[in-house]
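Have a look at the structure below before the remarks.
The values are calculated or read from the model by the stated rules, or taken from the named source; none is laboratory data. Worth saying up front: this structure is predicted, and the values here are computed from it rather than measured. Quick reminder, even Gly has a Cβ in these numbers, built from the backbone with ideal geometry, and neighbours come from all protein chains shown.
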Amino acid sequence: MVSEEQLRKALGPVVAAFESDGYRLSPEIRDDGSVTIRITTLDNACADCLVGEPAMRSILDGVLRDGGIDAMISRIVYPQEQA
């Protein structure tokens, strides 16, 4: 099972890139070892910079794979889902 430290290290460059566009990515490791990514909006959010779920999943799965992490992203939670 992946550790939170491994997950944060692998996602680090993507987290920084999204933060520069006004979004915070918060990974959470579930009890079953899968990963949930919560996306929250910051004050400087770029409305056109957040991609749809299929593209986001592809980006994040690729980043995890490239980081040597064999964890499945079970859910991506977008800002509008967190009322």
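Worth pointing out:
- Among (1) closer than 15 Å to Ala17 by Cα; (2) assigned to a helix (DSSP H, G or I), the one test that Cys49 misses: (2)
- Residue pairs meeting the criteria (Cβ under 7 Å; at least 6 apart or on separate chains; first without any contact (Cβ under 8 Å) to a residue 12 or more places away in the chain and surrounded by 12 or more Cβ atoms within 10 Å (Cβ to Cβ), in segment 64-79; second in a strand (DSSP E or B) and among the small types (Gly, Ala, Ser)): none
- Segment 59-83, subset in a loop (DSSP other than H, G, I, E, B) and under 11 Å from Leu7 (Cα atoms), residue modelled with the lowest pLDDT: Ala71
- Hits in segment 10-27 - residues which are surrounded by 18 or more Cβ atoms within 10 Å (Cβ to Cβ) and hydroxyl-bearing (Ser, Thr, Tyr): Tyr23
- Cβ pairs under 6 Å, 6+ apart, first in segment 5-18 and farther than 18 Å from Ala71 by Cα, second surrounded by 12 or more Cβ atoms within 10 Å (Cβ to Cβ): Phe18/Leu25
- Members of segment 34-63 that are touching a Pro at 6+ places or on another chain (Cβ under 7 Å) and either among the aliphatic types (A, V, I, L, M) or touching a residue at least 60 places away in the same chain (Cβ under 8 Å) (or both): Val35, Ile37, Ile39
- Condition check for Gly68: out of contact with any Leu (no Cβ under 6 Å at 6 or more places or on another chain), at positive phi and small (Gly, Ala, Ser): yes
- Being within 15 Å of Met72 (Cα to Cα), without any contact (Cβ under 8 Å) to a residue 24 or more places away in the chain and in a loop (DSSP other than H, G, I, E, B) is true of Asp31.
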